[in-house]
There are 2 protein chains.
Amino acid sequence: MDRRYTEDELIAKLFAPLAGPAALGLMDDAALLPPCVNPMVATVDALVAGVHFFPEDPADSIAKKALRANLSDLAAKGAEPIGFLLALALPPDWTNQWLEAFAAGLAEDCKAFGCPLLGGDTVATPGPLTLSITALGEAAQGSFVGRSGARPGDALYVSGTIGDAALGLRLRRDAALRAGLSPKARDYLLERYLLPRPRLALAPLLRTSASAAMDVSDGLVGDLAKLARASRVAARVTTRDIPLSEAAREAIAIDPTLFELALTGGDDYEILFCARGNASEIERLASAASAPCVMIGEIIAGDGETIFLDAQENIMKFNRLSFSHF
Amino acid sequence: MDRRYTEDELIAKLFAPLAGPAALGLMDDAALLPPCVNPMVATVDALVAGVHFFPEDPADSIAKKALRANLSDLAAKGAEPIGFLLALALPPDWTNQWLEAFAAGLAEDCKAFGCPLLGGDTVATPGPLTLSITALGEAAQGSFVGRSGARPGDALYVSGTIGDAALGLRLRRDAALRAGLSPKARDYLLERYLLPRPRLALAPLLRTSASAAMDVSDGLVGDLAKLARASRVAARVTTRDIPLSEAAREAIAIDPTLFELALTGGDDYEILFCARGNASEIERLASAASAPCVMIGEIIAGDGETIFLDAQENIMKFNRLSFSHF
């Protein structure tokens, strides 16, 4: 079509297909959710073009990143997705094609993660594209996994690999590094920045085994400090045990200072959690759930301190602890 | 203080005091809501400076307007507030003083409407101030008031007075009109634009008596058409019965074309609803709840048509049906 969609058209054509029954066809003032016998969890994330993603990123990956950042929070709480609400502020130059790709990406993830659209609001902005997603999830009775339950003696685990997204972001801005990497490593890191992988597959294991958990979104070092403060404990990490992808290792081999970036950069969307019991059994269960985790340290007595030991067992110092979009 | 708040500081000092127990001190990845034996309703609204409000509006009224727009949706569904999540994108020139006033306004409304903060995300934007609120509410079992239940023979009611906010917005931009009004009328209309009055007091009456309801946020004429379409009925309104404030009457006396603006402008945040039964009894119950309502017409057979009759019982034509921020 030659003209842009009206608000009614974009709701009917692009967003209604993503909606669950609770959304009432996106035709009412509010979604109507059935009673929830279990506790519900709710989380919100806002993303701004030029701040949280590049305006030129593919529209479908922008949509997916926004949803997945929220799903990662649900996963970290051991919750299963119920659905989400989307607030979308479109800049003056939006096109039907862009919005179709955005909705198509969102539709793929709604289906892949079992998380339908519950409601939304689309508005115009003279500024950059801005979107905010509120995700709702269902926790199992009595098994919400907070940040404050870590106790001395717990082992500390992290899922997936750390630092890939931060290195991917660096690659976007550092042509020399980009040129120095193998095409495979380059593409892998760039993709990891674009598309988080929310670890919903870990939610059942967290519900049964974790004393505390959080999603790593602002950098492992700073986020572990948050968990330690919330639990009023300290944490000791053996950095050689922190899982790194082959691509991250390749980048760090070129520039060893990137190791610190990997540990303090944001956008990992992996799960950091604490648990008692047999570590190899927990690692086995995580692998069986297709969400590999490894033990990287332990919780000790303290009040928010974090200790990161390098390969020589020396305490590492970081120039900054975490990444902030604020 | 001379420097601006860090993200941790503004959470701890400004937003944590607004948080309910479910927010876990705003220190976790997500809020944890207790099980809800009743159905839950969820709604989201986004507001952009320069689009939905004036950037120079008082910070406390910006906060209140954003929350109240959502509370109005809950009220229209016959729901009681549970709480809300806030996504706040701050422009480069934000100040501590502005944010303190914003949080103070929000705190007043959290208390006044029994709607605590459940979670939030604060980010930086190079663009205008943008905020998005997702409100959650509890509907009574079996008494959710949708838009689709209106039936021929129902009477049509509206709460409060119509058009005040649209006239207040016009006043902001029309110095001649502003000068022509009495100070009292001018101040009243300006205040009605700044501060919606969500009709939560009507929720119990809607639950027991309404066949359909919605909040009037984009103009009475266009919103009634939405309700009629959702219910697959038609509606006939006697425009002389539409409640107008003294201030609105004063403005319309100066410029009779403003009557159309009153009926098609946005931001009323009043409740439009349909009900059977004794009209004077419904109006009495609404007054007793301090949310006066009047009957303005009736639902008839049809498929989305709306008929507005003027004082001479002629069918009115409107240049546009409703106001859109999109």
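Here's a check for you: in segment B:195-217, which residue that is surrounded by fewer than 21 Cβ atoms within 10 Å (Cβ to Cβ) and under 18 Å from the mean Cα position of the chain (by Cα) is nearest to B:Gly302 (Cα to Cα)? Step by step, filter segment B:195-217, then rank; the result is B:Pro204.
Can B:Arg178 be described as without any contact (Cβ under 8 Å) to a residue 24 or more places away in the chain and touching a helix residue (DSSP H, G or I) at 6+ places or on another chain (Cβ under 9 Å)? Considered against the rule, which asks whether it is without any contact (Cβ under 8 Å) to a residue 24 or more places away in the chain and touching a helix residue (DSSP H, G or I) at 6+ places or on another chain (Cβ under 9 Å), B:Arg178 comes out as yes. Selection of segment B:85-134 for residues being within 27 Å of A:Gly50 (Cα to Cα), in contact with a Ser or Thr (Cβ under 7 Å, 6 or more places away or on another chain) and either among the hydrophobic types (A, V, I, L, M, F, W, C) or away from every other protein chain (no Cβ under 14 Å) (or both) yields B:Leu85, B:Ala87, B:Leu88, B:Ala89, B:Leu90.
Of the residues making up segment A:1-26, those that are assigned to a helix (DSSP H, G or I) and among the small types (Gly, Ala, Ser) are A:Ala12, A:Ala16, A:Ala22, A:Ala23, A:Gly25. Somewhere in segment A:173-188, is a residue aromatic (Phe, Trp, Tyr), in a helix (DSSP H, G or I) and either more than 24 Å from the chain's Cα centre (by Cα) or assigned by TED's automatic domain parsing to the domain that holds A:Thr257 (or both)? Among the residues of segment A:173-188, at least one is aromatic (Phe, Trp, Tyr), in a helix (DSSP H, G or I) and either more than 24 Å from the chain's Cα centre (by Cα) or assigned by TED's automatic domain parsing to the domain that holds A:Thr257 (or both), which makes the answer yes. Across segment A:123-145, the qualifying residues are those that are modelled with pLDDT of 95 or more and part of a loop (DSSP other than H, G, I, E, B), and the one among them that is nearest to the chain's Cα centre (by Cα) is A:Leu129. Cβ separations smaller than 6 Å between residues 6+ apart or across chains give no pair from segment A:86-103 residues that are over 14 Å from A:Lys13 (Cβ atoms) to residues that are of a type in the set (S, T, N, Q) and assigned to a helix (DSSP H, G or I). Would you check which residues across segment A:144-176 are touching a Gly at 6+ places or on another chain (Cβ under 6 Å) and within 11 Å of chain B (Cβ to nearest Cβ) and list them? Of everything in segment A:144-176, just one residue is touching a Gly at 6+ places or on another chain (Cβ under 6 Å) and within 11 Å of chain B (Cβ to nearest Cβ), namely A:Val145.
Scanning segment A:1-48 for residues that are exposed (fewer than 14 other Cβ atoms within 10 Å of the Cβ) and within 22 Å of B:Leu74 (Cα to Cα), we see that the one that is farthest from the other protein chains (Cβ to nearest Cβ) is A:Pro21.
The values are calculated or read from the model by the stated rules, or taken from the named source; none is laboratory data. None of these values were measured; they are calculated from a predicted model. Glycine gets a Cβ as well: all are built from the backbone with ideal geometry, and neighbour counts include every protein chain shown.
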